[in-house]
1. Just to verify a result, which residue in region 169-186, among those that are open to solvent by 10 Å² or more (accessible area, probe 1.4 Å) and not in a helix (DSSP H, G or I), is nearest to F149 (Cα to Cα)?
2. Have a look at S44, S68 and point out the one that is polar (S, T, N, Q) and closer than 16 Å to L19 by Cβ.
3. Which numbered condition in (1) in contact with a Phe, Trp or Tyr (Cβ under 7 Å, 6 or more places away or on another chain); (2) among the small types (G, A, S); (3) outside any helix (DSSP H, G or I); (4) open to solvent by less than 20 Å² (accessible area, probe 1.4 Å) is the only one that S107 fails?
4. Among the residues of region 177-199, which ones are over 16 Å from V165 (Cα atoms) and of a type in the set (A, V, I, L, M)?
5. Among the candidates L153, L166, L124, single out the residue that is surrounded by 17 or more Cβ atoms within 10 Å (Cβ to Cβ) and more than 19 Å from L74 (Cβ to Cβ).
6. Residues of region 188-242 being acidic (D, E) and either at pLDDT below 95 or farther than 12 Å from N172 by Cα (or both), which ones?
7. Which members of region 17-31 meet the condition of being open to solvent by 40 Å² or more (accessible area, probe 1.4 Å) and of a type in the set (V, I, T)?
8. Pull out all pairs, ordered by first then second residue, where Cβ-Cβ is under 7 Å, the residues are six or more apart or on different chains, the first lies in region 136-150 and is outside any helix (DSSP H, G or I), and the second is open to solvent by 80 Å² or more (accessible area, probe 1.4 Å).
Amino acid sequence: MIGRIHSVESCGTVDGPGLRFIVFLQGCSLRCAYCHNPDTWKLSGGTEKSVDELLEEAKGYLPFMKASNGGVTLSGGEPLLQPDFVLEFFKKCKEAGIHTTLDTSGSVKPKNIDEILKVTDLVLLDIKHIKEEKHKEITGLSNKNTLEFAKLLDQKGIPVWIRYVLVPGLSNDDKDLSELGDFLGTLSNIEKVDILPYHKMGEYKWEQLGLTNTLVNVMPPKQADVDKAYNLLTKSNKIVSV
């Protein structure tokens, strides 16, 4: 099984528990206004690697994974655009005793999603916005698949870490954050909520690719705003930060 890979990070510390071997898969269906890796958008980009090739590379870091309760994370782009590759890679990781994490926006629902989730230990779910119209404004697509995916993960009892990018003027409205907090409160499987402050580190990629950056004049949010957003998203006592 061959996949298209954007890049690999050998010892990541933020995309799941412990030290992680992170694979960024090529291709994404969303066009987020704040994306810091627009070079992952095209499915035809990146380089080709086989599942076995990638697994052998990951196994080289097994001692670090085991010592830190880490594992592998498939990110992107959107990894579920390459569902067969995700399934085979995660199956082989589980056979090797490696913890698996899927970092996804939930915007894509492949036919084999149930099989994928059987070999997925943790999902990092990127929810872009609770309001459909604002979600379309940010990403170009509806949030219906994302919210349905969140409910599916809850039904299956799969642990979830929520990720939310806070962008001044785009995703920082208190009422919207409170509404998202209400939605998260209906789920029983959320272990952690991460507020990711908007940053400008990927702006040079937009310039290199000739893309129009509509957020060029937007500055990162202040810490007080990040804290407020976190409190609104975690107001339900069902959510326990770990």
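1. Here is the first cut: in region 169-186, the residues open to solvent by 10 Å² or more (accessible area, probe 1.4 Å) are 169-170, 172-175, 178-179, 182-183, 185-186.
Going one step further and asking which of them are not in a helix (DSSP H, G or I), we end up with 169-170, 172-173, 185-186.
On the way: G169: 27, L170: 23, N172: 23, D173: 24, G185: 15, T186: 13 Å.
Looking at the filtered set, the residue picked out is T186.
2. Working: S44 fails: closer than 16 Å to L19 by Cβ.
Selected residue: S68, the only one of S44, S68 that is polar (S, T, N, Q) and closer than 16 Å to L19 by Cβ.
3. (1)
4. Step one: of region 177-199, the residues over 16 Å from V165 (Cα atoms) are 182-183, 185-191.
Correct list: L187, I190.
5. On the way: L153 fails: more than 19 Å from L74 (Cβ to Cβ); L124 fails: more than 19 Å from L74 (Cβ to Cβ).
Just a single option satisfies the conditions, and that option is L166.
6. Matches in region 188-242: E191, D194, E203, E207.
7. Residues satisfying the conditions do not exist here.
8. Going by the 7 Å Cβ cut-off, the qualifying pairs are G140/R31; S142/K136.
The values are calculated or read from the model by the stated rules, or taken from the named source; none is laboratory data. As the structure is a computational prediction, the values presented were derived from the model and not from experiment. Here the Cβ is made from the backbone with ideal geometry for all residues, glycine too, and neighbour counts use every protein chain on show. Just the protein is used for accessible areas: all its heavy atoms, side chains included, with ligands, DNA and RNA removed. Shrake-Rupley method; radii C 1.70, N 1.55, O 1.52, S 1.80 Å.
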